[in-house]
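S.K.: Here it is, the structure in full.
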Amino acid sequence: MGINIAIDGPSGAGKSTIAKAIAKKIQYVYVDTGALYRSIALFMIRNSVDVKDAEAVASNLEGLDVKLGYVDGSQRVILNGEDVSELIRTPEISMGASAVSAIPRVREFLFDLQQNIARENNILMDGRDIGTVVLPNADVKIFLTASAEKRAERRFKELQEKGDTSTYEEVLEDIIKRDYNDTHREIAPLKKADDAIEVDSSEMSLDEVVAHISGIITEKLDGEKKNKTQREMMPVNPIDKTAKLGFFRSLGYNFVRICVKLAFKIWYKIEFVGKENIPKKGGHIFASTHRSYADPVFLAIAGRTPLSFMAKEELFQGNKFFAWLIGWLGAFPVKRGKGDTEAIDRAIEELNKGRNLIIFPEGTRSKDGKVGKIKTGVALIGAVAQATIVPTAIIFEGKLKFRKKIILAFAPPVEPSELGVNSTSARELKILKNRISDDINNLVNENVNKL
């Protein structure tokens, strides 16, 4: 998997010029995503398609083939076999690109192309939603901006050099309109990513901006390398997935499980969604939402393999019988918020024994059913053990009570190695954590209306 650098910002901020210079300097592949949208706008305008008519644009995408080519290190845009690199740099096409980029089908059309390039190369990609949508796990994110007047001044000078007759006032009006369209569109609006570094180039020369952003990139990537070295204190140690529990223990567990399952199905209205995604063997992780103290039992009745789960340390410090009971059921203590390496080692030990492991990655119960922020612990354990992770959602409204409908939903298993997560570096853990978070949120959103 390549190193990805994202540069976002408003129209006319100089993203393309600066991104090209930096990419050449650090010898990365440059991807001008704006050129892709411009090529679609050009195609639609040439074929008398209203760029604001989403249905008309979507229906004409089948006749369009756009590719990126490189000649002497310079990116060229090839539209249906024609090099349109210069034809797409006009105000009319700029406004058309702003319109078509707000159409979901267009974004889907180009999304796979952009991600494939990013997976296979060290790339520098610029656009309006690169750091927020296209490459949310980018190693470095820059938000490049400048005042509308300064951007209009630069664009006007550029157009004059090409012989364009547009006035400064027209260019400024175009910049202001496009800013409004880009920041107010419903799909992937222009905004600064939370972890992006903002650079205002209003009072900086081209060389100064290139030097400044190059410095940021170098500093961030050096920090990433240092972080990765530090993380190697907990190296990847894949579990032995051949481990199995004893016959009689499994038999006894499943007898109890069937009895509890019958009782729970009488007391609650339980519906399983995606039950085919539940692994039939041990050594896997269920990353689940947390709604009640009964959650481990709900998950236990869904599969045949005994489960272990982390429970806050305080539960083992009160009633001794209760502490013994939850321990017998598979619970082990974790010191929340303290980087408990002993609990991580115990979790991996349980996986190695052939048990499945429940982790509630939000760290606390949700009272309203909304998914909270996913913590990194689940990704760390999954990466170290290289264990399959099953994103899971326990969904119900209000509080548990007699005949309450409960949905237990399971997403397709996530394999860390298939996501390129082969170490415990901060970047790779973030990729795995975000995938788990996305899958859990999708489960909740897809099933909450069934209650």
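S.K.: Just to verify a result, which residue in the range 280-322, among those that are over 27 Å from the mean Cα position of the chain (by Cα) and in a strand (DSSP E or B), is surrounded by the most Cβ atoms within 10 Å (Cβ to Cβ)?
M.R.: Leu307
S.K.: If we scan the range 374-384, do we find a residue that is of a type outside the set (A, V, I, L, M, F, W, C) and at pLDDT 90 or above? Break it down stepwise before answering.
M.R.: Taking the range 374-384 and keeping what is of a type outside the set (A, V, I, L, M, F, W, C), we get 375-377, 382.
Now restrict to residues that are at pLDDT 90 or above: 382.
Yes, because at least one residue in the range 374-384 is of a type outside the set (A, V, I, L, M, F, W, C) and at pLDDT 90 or above.
S.K.: Mind checking which residues of the range 410-425 are modelled with pLDDT of 90 or more and either in contact with a Cys (Cβ under 6 Å, 6 or more places away or on another chain) or open to solvent by less than 60 Å² (accessible area, probe 1.4 Å) (or both)?
M.R.: Narrowing the range 410-425 to residues modelled with pLDDT of 90 or more: 410-416.
Correct list: Phe410, Ala411, Pro413, Val414, Glu415, Pro416.
S.K.: So, of the residues in the range 96-115 that are farther than 17 Å from Ser16 by Cα and of a type in the set (A, V, I, L, M), which turns out to be surrounded by the fewest Cβ atoms within 10 Å (Cβ to Cβ)?
M.R.: Residue satisfying both the conditions and the ranking: Leu113.
Residue-by-condition table, conditions (1) more than 28 Å from Leu262 (Cβ to Cβ); (2) surrounded by 21 or more Cβ atoms within 10 Å (Cβ to Cβ):
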residue	(1), (2)
Gly372	yes, no
Thr392	no, yes
Phe396	no, yes
Leu408	no, yes
Lys433	yes, yes
Val448	no, no
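S.K.: Moving to a separate point now. Do we have any residue at all in the range 353-365 that's open to solvent by 30 Å² or more (accessible area, probe 1.4 Å) and part of a strand (DSSP E or B)?
M.R.: no
S.K.: Considering only the range 340-352, state which residues are open to solvent by 10 Å² or more (accessible area, probe 1.4 Å) and touching a helix residue (DSSP H, G or I) at 6+ places or on another chain (Cβ under 7 Å).
M.R.: Ile344, Ile348
S.K.: Quick check on this structure: which one of Leu351, Leu315 is closer than 21 Å to Ile394 by Cβ and of a type in the set (A, V, I, L, M)?
M.R.: Answer to the selection: Leu315.
S.K.: Within the range 165-184, which residues are exposed (fewer than 15 other Cβ atoms within 10 Å of the Cβ) and not in a helix (DSSP H, G or I)?
M.R.: Correct list: Thr165, Thr167.
S.K.: Which of (1) closer than 28 Å to Ser166 by Cβ; (2) open to solvent by 30 Å² or more (accessible area, probe 1.4 Å) does Ala56 not meet, given it meets every other one?
M.R.: The single condition Ala56 does not satisfy is (2).
S.K.: Out of everything in the range 116-134 that is open to solvent by 10 Å² or more (accessible area, probe 1.4 Å) and in contact with a strand residue (DSSP E or B) (Cβ under 8 Å, 6 or more places away or on another chain), what residue ends up being farthest from Gly2 (Cα to Cα)?
M.R.: Filtering the range 116-134 down to residues open to solvent by 10 Å² or more (accessible area, probe 1.4 Å) leaves 116-117, 119-122, 128, 132-133.
Going one step further and asking which of them are in contact with a strand residue (DSSP E or B) (Cβ under 8 Å, 6 or more places away or on another chain), we end up with 117, 121-122, 128, 132.
On the way: Ile117: 9, Asn121: 5, Asn122: 4, Arg128: 21, Thr132: 18 Å.
If we take residues in the range 116-134 being open to solvent by 10 Å² or more (accessible area, probe 1.4 Å) and in contact with a strand residue (DSSP E or B) (Cβ under 8 Å, 6 or more places away or on another chain), then Arg128 is farthest from Gly2 (Cα to Cα).
S.K.: Let me ask you something else. Cβ contacts < 6 Å: first residue hydrophobic (A, V, I, L, M, F, W, C), restricted to the range 178-207; second residue part of a loop (DSSP other than H, G, I, E, B) and surrounded by 12 or more Cβ atoms within 10 Å (Cβ to Cβ), any location; separation 6+ or different chain. Result?
M.R.: Once the first residue is hydrophobic (A, V, I, L, M, F, W, C) and sits in the range 178-207, its partners that are part of a loop (DSSP other than H, G, I, E, B) and surrounded by 12 or more Cβ atoms within 10 Å (Cβ to Cβ) give Ile187/Ala102; Ala188/Asp129; Leu190/Arg128.
The values are calculated or read from the model by the stated rules, or taken from the named source; none is laboratory data. Small disclaimer: the values here were computed from a predicted structure and weren't measured. Note that each Cβ is placed from the backbone with ideal geometry, even for glycine, and that neighbours are counted across all protein chains shown. Protein only, heavy atoms only, side chains kept; ligands, DNA and RNA dropped before computing areas. Shrake-Rupley method; radii C 1.70, N 1.55, O 1.52, S 1.80 Å.
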